[in-house]
Amino acid sequence: MKLIDFVINNTDKYIRTMPKAMRKKYGQFFTSKETAMFMAELFDISQNKSELKILDPGAGSGILSVALIERLQNIDNIKNINLICYENDANIIELLRTNLEWVCKHSKINLRYTINTKNYITSQAKEYNKTSNCNQISPKFDIVIGNPPYMKIPKNSDEAMSMQDICYGAPNLYFLFAAMSLFNLSANGEMVYIIPRSWTSGAYFTRFRKKFLNECTLQHIHLFVSRNKVFEKEQVLQETIIIKVKKTTETPENIEITTSQSNCDFSKLTFFSAPYDTVVSGKDSYVYLVTNSQEVEVLKLINTWNNTLPSIGLKMKTGLTVDFRNQELLRNSLESQSVPLFYSQHIQDGKVKFPIGKDNEYILTKKSGLLQENKNYLFVKRFTAKEEHRRLQCGVYLSRIYPEYKTISTQNKINFICGKDNISECTTYGLYVIFNSILYDRYYRILNGSTQVNSTEINSMPIPPIDIIEKMGKELIKTKDLSENSCEKILRSFIYEQNRRSENDINRIECAS
């Protein structure tokens with residue numbers, strides 16, 4: 001029997017006897033055999049080494065460690081393995097020990113292992129933070145392989161307080177594990193992790209991203225097309241990726257990006273080599289998960305612009321009213337002093353239609369926090385289904401259509417773009433051109449794999465200057481065609497004009513010199 005098969009069989013028995021609710025308490029979701037073997041194959045094993053020091057934080061039943069040990073059986077120069085496994089879930093420690101004992105007896109390579117039952121994060125807090133009373137040095141490893149726990153923790157938890165330099169708000173354990181694993185990695189060592197893709201963008205992970213990508217370089221990213229088949233036995237619905245990083249500041253020219261449909265068809269991979277500075281880009285070190293040359297071209301075209309919404313005096317915000325928390329304020333029909341409450345259902349065919357005969361279309365309140373000035377907005381749905389054609393779905397709201405209202409309200413399942421002062425109708429339509437275009441929809445899908453439109457990410461996206469946005473709006477008003485193809489045509493015409501001018505400027509400079 002193969003080493004990995006023994007561990008997988010024992011793990012399956014454990015899963016059948018241990019309630020999912022109990023495992024979820026520890027954020028414990030097990031890696032499939034196929035995924036573990038794929039992750040083990042990603043490491044570049046040096047031919048100059050006879051001994052390897054391996055770390056498996058959050059080892060669980062030892063699936064990842066043993067998949068790697070299985071691979072090393074066929075590498076002649078490796079004679080000794082020193083494996084450190086962190087695991088503090090008392091329910092599984094005995095299974096981990098049983099598995100590793102069996103592997104030791106059947107391994108061709110001399111294997112020494114240690115199971116550390118301390119908290120992986122807090123037990124190294126002093127070393128990580130380099131406190132003055134710390135006399136210990138954390139061991140460094142040649143290889144780290146991990147499937148960290150996925151679990152939100154309070155912002156004042158011991159783990160969060162141990163790694164305050166990368167935490168913002170209530171963190172998730174998975175990226176604390178990733179940062180600590182990088183800390184444990186030796187120079188030029190390699191780390192392979194299976195983690196959610198959520199860390200690749202957004203303000204929430206900025207501190208982590210900047211520190212992480214400043215101390216290592218991404219070497220390989222693997223994407224799963226089907227997000228519900230990564231932890232299939234566990235019924236986990238999570239956008240998950242596999243990353244390989246190397247602890248070095250020498251940036252590679254390209255990053256290898258592979259894709260598979262699920263966790264069991266790694267023989268049917270797609271391969272794409274993407275420029276490193278295309279994948280890791282911007283002042284906030286976003287990671288753009290491109291899978292083909294067309295997506296690289298999308299990024300290149302959008303990055304023609306240097307502005308963001310905030311830089312031109314605009315901003316996307318989230319709707320003000322959480323309807324289920326304000327039921328007593330909601331009305332089904334117009335009453336004296338009530339005002340419209342706009343939902344995502346009011347966004348139809350590029351326009352905002354009201355009323356539509358929906359329940360709770362009005363709100364009666366004097367709470368300033370629930371009301372906004374009746375002025376021009378671009379409304380954008382916050383949530384869409386994964387199967388829908390577009391992620392960015394928006395509608396133009398014009399205040400002049402509703403002159404009887406001084407204020408309105410928006411449900412928190414829509415976002416809206418506005419300025420400090422009322423923006424012109426041309427600007428509003430110009431914003432619609434941008435966010436209803438095919439290019440920007442593809443850009444956002446590359447940036448964010450979830451079905452939620454995040455205002456922080458939208459506010460960081462490159463957009464044209466305000467005068468160009470107004471001109472785009474005028475073009476759209478002239479065409480009277482709000483389709484995405486119409487918006488795409490207008491947007492591309494301005495991008496090509498911008499690029500033509502830039503090339504002419506470069507030519508003039510070269511001629512002058």
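The values are calculated or read from the model by the stated rules, or taken from the named source; none is laboratory data. All of these numbers come straight from a predicted model, not from anything done at the bench. All Cβ positions, even for glycine, are placed from backbone atoms using ideal geometry, and neighbour counts span all protein chains on display. These area figures cover heavy atoms from the full protein model, side chains too; ligands, DNA and RNA do not enter into them. Shrake-Rupley method; radii C 1.70, N 1.55, O 1.52, S 1.80 Å.
Criterion applied to 434, 438, 490 was being of a type in the set (A, V, I, L, M) and surrounded by fewer than 20 Cβ atoms within 10 Å (Cβ to Cβ), and the one residue passing it is 438.
If you go through segment 121-141 and pick out every residue that is open to solvent by less than 30 Å² (accessible area, probe 1.4 Å) and not in a helix (DSSP H, G or I), you end up with 3. Contact map, segment 447-460: first residue hydrophobic (A, V, I, L, M, F, W, C), second residue open to solvent by 20 Å² or more (accessible area, probe 1.4 Å), Cβ cut-off under 6 Å, separation 6 or more or different chains; pairs are 453/382. Quick check on my filter: what residues within segment 290-326 are in contact (Cβ under 8 Å) with a residue 12 or more places away in the chain, part of a helix (DSSP H, G or I) and more than 30 Å from residue 495 (Cβ to Cβ)? Answer for segment 290-326, where residues must be in contact (Cβ under 8 Å) with a residue 12 or more places away in the chain, part of a helix (DSSP H, G or I) and more than 30 Å from residue 495 (Cβ to Cβ): just 323. With respect to the conditions (1) over 26 Å from the mean Cα position of the chain (by Cα); (2) open to solvent by 80 Å² or more (accessible area, probe 1.4 Å), residue 161 lacks only one, and its number is (1). In segment 338-368, the qualifying residues are those that are in a helix (DSSP H, G or I) and in contact (Cβ under 8 Å) with a residue 24 or more places away in the chain, and the one that is surrounded by the fewest Cβ atoms within 10 Å (Cβ to Cβ) is 344.
Out of the residues in segment 302-329 that are under 22 Å from the mean Cα position of the chain (by Cα) and open to solvent by less than 60 Å² (accessible area, probe 1.4 Å), state the one that is nearest to residue 280 (Cα to Cα). Among those that are under 22 Å from the mean Cα position of the chain (by Cα) and open to solvent by less than 60 Å² (accessible area, probe 1.4 Å), it is 302.
Of all residues in segment 256-289, those satisfying the criterion of being of a type in the set (Gly, Ala, Ser), open to solvent by less than 20 Å² (accessible area, probe 1.4 Å) and either over 17 Å from residue 443 (Cα atoms) or in a loop (DSSP other than H, G, I, E, B) (or both) are 260, 262. Filtering segment 88-101 to residues that are surrounded by 15 or more Cβ atoms within 10 Å (Cβ to Cβ) and charged (D, E, K, R) leaves 89, 97.
Going by the structure shown, is residue 262 among the polar types (S, T, N, Q) and in contact with a Phe, Trp or Tyr (Cβ under 8 Å, 6 or more places away or on another chain)? The answer is yes for residue 262. Considering only residues that are over 16 Å from residue 160 (Cα atoms), hydroxyl-bearing (Ser, Thr, Tyr) and buried (at least 20 other Cβ atoms within 10 Å of the Cβ), which ones fall in segment 176-197? Listed by number, the list holds a single entry, 193.
Okay, residues lined up against (1) modelled with pLDDT of 95 or more; (2) crowded, with 22+ Cβ neighbours inside 10 Å:
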site: 17; (1), (2): no, no
site: 31; (1), (2): no, yes
site: 37; (1), (2): yes, no
site: 42; (1), (2): yes, no
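Quick one: would you say residue 156 is of a type in the set (S, T, N, Q), within 21 Å of residue 36 (Cα to Cα) and either crowded, with 16+ Cβ neighbours inside 10 Å or without any contact (Cβ under 8 Å) to a residue 40 or more places away in the chain (or both)? So residue 156 fails the test. In segment 397-417, the residue that is nearest to residue 337 (Cα to Cα) out of those that are open to solvent by less than 10 Å² (accessible area, probe 1.4 Å) and among the β-branched types (Val, Ile, Thr) is 408. Annotation: residue 85 fulfils all but one of (1) modelled with pLDDT of 95 or more; (2) surrounded by fewer than 22 Cβ atoms within 10 Å (Cβ to Cβ); (3) within 19 Å of residue 3 (Cβ to Cβ); the unmet one is (2).
Of the strands (runs of 3 or more DSSP E) lying entirely inside segment 369-485, those containing at least 2 residues that are among the hydroxyl-bearing types (Ser, Thr, Tyr) and at pLDDT 95 or above are 407-410.
Of everything in segment 374-389 that is surrounded by 18 or more Cβ atoms within 10 Å (Cβ to Cβ) and among the aliphatic types (A, V, I, L, M), the residue that is nearest to residue 407 (Cα to Cα) is 378. Selection of segment 203-222 for residues being at pLDDT below 95 and either of a type in the set (S, T, N, Q) or buried (at least 20 other Cβ atoms within 10 Å of the Cβ) (or both) yields 205, 206.
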